[in-house]
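Structure first, commentary second.
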Amino acid sequence: MRKALRWLLALTVLIGTLSTAGAATAAQPEANGSTDIKERLLSIPGMRLVEEKPYTGYRFFVLTYTQPIDHRRPSKGTFEQRITVLHKDVSRPTVFYTGGYNVSTNPSRREPTQIVDGNQVSMEYRFFTPSRPSPADWTKLDIWQAASDQHRIFKALKPIYDKKWISTGGSKGGMTATYYERFYPRDMDGVVAYVAPNDVVNKEDSAYDEFFANVGTEECRDRLNGVQREALVRREPMEKKYAAYAAENGYTFNTVGSLDKAYEATVLDYVWGFWQYSLLSDCDTIPVDAKNATDEEIWNSIDTIAGFSFYTDQGLEPYTPYYYQAGTQLGAPTIGFPHIEKKYIRYGYLPPRYFVPRDIEMRFQPGVMRDVDSWVRHNAYQMLFVYGENDPWGAEPFRLGKGADDSYVFTAPGANHGANVAGLVADEKALATAKILKWAGVASATVQSDPAAAKPLAKYDAKLDKRGAERTLRP
């Protein structure tokens, strides 16, 4: 009890401190009883305006919000976390989105936001620049601290956006939305998690090997496997090309250890990258006969899909927070390559430790994902998980147990890492849309009685709603 009281007192002190950190004086109601939304947002202690960008039908704000570095010890320092607000109307529901990485500072609308025709709050994940404490204490980068960031933002904004809230995210953002629900299950009225990996036992990755043995068609798999193998068979001339490419662009390889390791890591990502980004119909772009393809054709295919710049120091640096989390809590897949002779593979699928600077300490915590998985199986309430049939990251999905209530796991046929509700089969698409509308408190009586009548409430906007799979091999 004394410990809890000390924490509460510390938080009170912090809130008093944060009120001077870039926050405007509380806005007073105007004569007509309303207050401009910008004034209301800036009346929140710790909220600072970076810029406002116009967009027809909305107001879009880029903001920072002062957060404690450590939510368990809030008096021990703060940092500014970047968020954005796509404001529709305070009478509409609000969607809380995070991609699990940096936040875009341009207006965009996630699928649930379009479905409910609502507001959208988007959060940059802690430790992704510029939302990184200085100095960076990497031990404060974990899923509970990040969930607590979301909880605190929600509590700050709820008095303004007091209707229903839905959390969402894709890939690592879908994981983030799930972890947020696990630690703060009373905040949100529903969760829509897209293509969220669930690596419960980090050392058991046979599901990925099974996936790659059966995905797509045999012809497509043979094409991809052939190019991947040939890139390692031709290692010497291809690495000369890589060295020239690196020199021309100023790339270095200190983090991963050598150009040789970076080359192999890129090649071994190739098949995974194809299925994450592409569709079965895209197999026509892969060389048919890899053995007789030119070096240029092999290089271009690998570079287009996996990207030779990624495992350079310059390519890895923005993703240090992800690899730190993968190596401490999230886990990371290890896959085999039965179509490539062992003599051609020197290092294998490298673990996250190789992609984080050595001066950052890492220790894996095996119980964290088991805890989340168990919670979801037994406690999920009003949660929707959407996966793509041909997405490698869906090989280890979240599953629901007997304790789950009003929750669903759907898979979009033929879809990749950009799977969404719109890509589900008709009855699942209707049910998912109806549930999102219901959870957000905007389902009509017709939709509640007949899910087949459910449709997005906002019209498609090519600029706001255009999305695809994230172009990185991370989740």
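The values are calculated or read from the model by the stated rules, or taken from the named source; none is laboratory data. All values reported here derive from a predicted model rather than from experimental measurement. Here the Cβ positions follow ideal geometry from the backbone for every residue, glycine too, while neighbour counts run over all protein chains shown. The protein model used for the area step is the full one, side chains on, heavy atoms only, and it has no ligands, DNA or RNA in it. Shrake-Rupley method; radii C 1.70, N 1.55, O 1.52, S 1.80 Å.
Computed values, structure above
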quantity	calculated
With every protein chain in place, the chain: carbon and sulfur % of accessible area (1.4 Å)	51
Cleavage-rule hits (trypsin sites (Lys or Arg not before Pro)) in the range 349-416: DSSP loop, at most 10 neighbouring Cβ within 10 angstrom	Arg363, Lys402
Alpha-carbon spread of the chain, three principal axes, descending order, Å	77, 54, 45
Over 18 Å [Cα-Cα, the range 99-171], rounded percent	47
Residue-level accessible surface for His87, protein heavy atoms, 1.4 Å, Å²	20
Contact order normalised by residue count of the chain, Cα under 8 Å, 6+ apart, percent	15
Charged-residue dipole, Cβ positions (Lys, Arg, Asp, Glu), the chain about Cα centre, Debye nearest 20	1920
Cross-link pairs beyond the 30 Å C-alpha cut-off, checked among Lys140/Lys402; Lys53/Lys155; Lys155/Lys435; Lys53/Lys158; Lys140/Lys459; Lys240/Lys342	Lys140/Lys402; Lys140/Lys459
Ellipsoid semi-axes in whole angstrom, largest first, where each is sqrt(5λ) of the Cα gyration tensor of the range 356-408	28, 17, 8
Between helix 426-439 and the chain: long-axis angle, C-alpha atoms, 0 to 90°, nearest 10	30
Pairwise label distance in nanometres, Thr35 with Val201, each label 7 Å out on the Cα-Cβ vector	5.4
Length gained when the stretch Ser75-Arg370 is fully extended (0.36 nm per residue, less Cα-Cα span)	103.1 nm
Pairwise label distance in nanometres, Thr304 with Lys342, each label 7 Å out on the Cα-Cβ vector	3.5
Selected from Pro333, Pro185, Thr84, residue furthest toward positive end of dipole (the chain; charges at beta carbon)	Pro185
Beta bridge orientation in the chain: antiparallel %, DSSP, nearest 5	50
Under 14 Å, Cβ to Cβ, from Val90 - net charge with Lys/Arg +1 and Asp/Glu -1	+3
In the range 125-196, trypsin sites (Lys or Arg not before Pro) in a DSSP loop with at most 13 other beta-carbon atoms within 10 Å	Arg186
Per residue solvent-accessible surface (Å²) - the chain, probe of 1.4 Å	44
Percent of Cα-Cα distances greater than 22 Å, calculated over the range 329-475	58
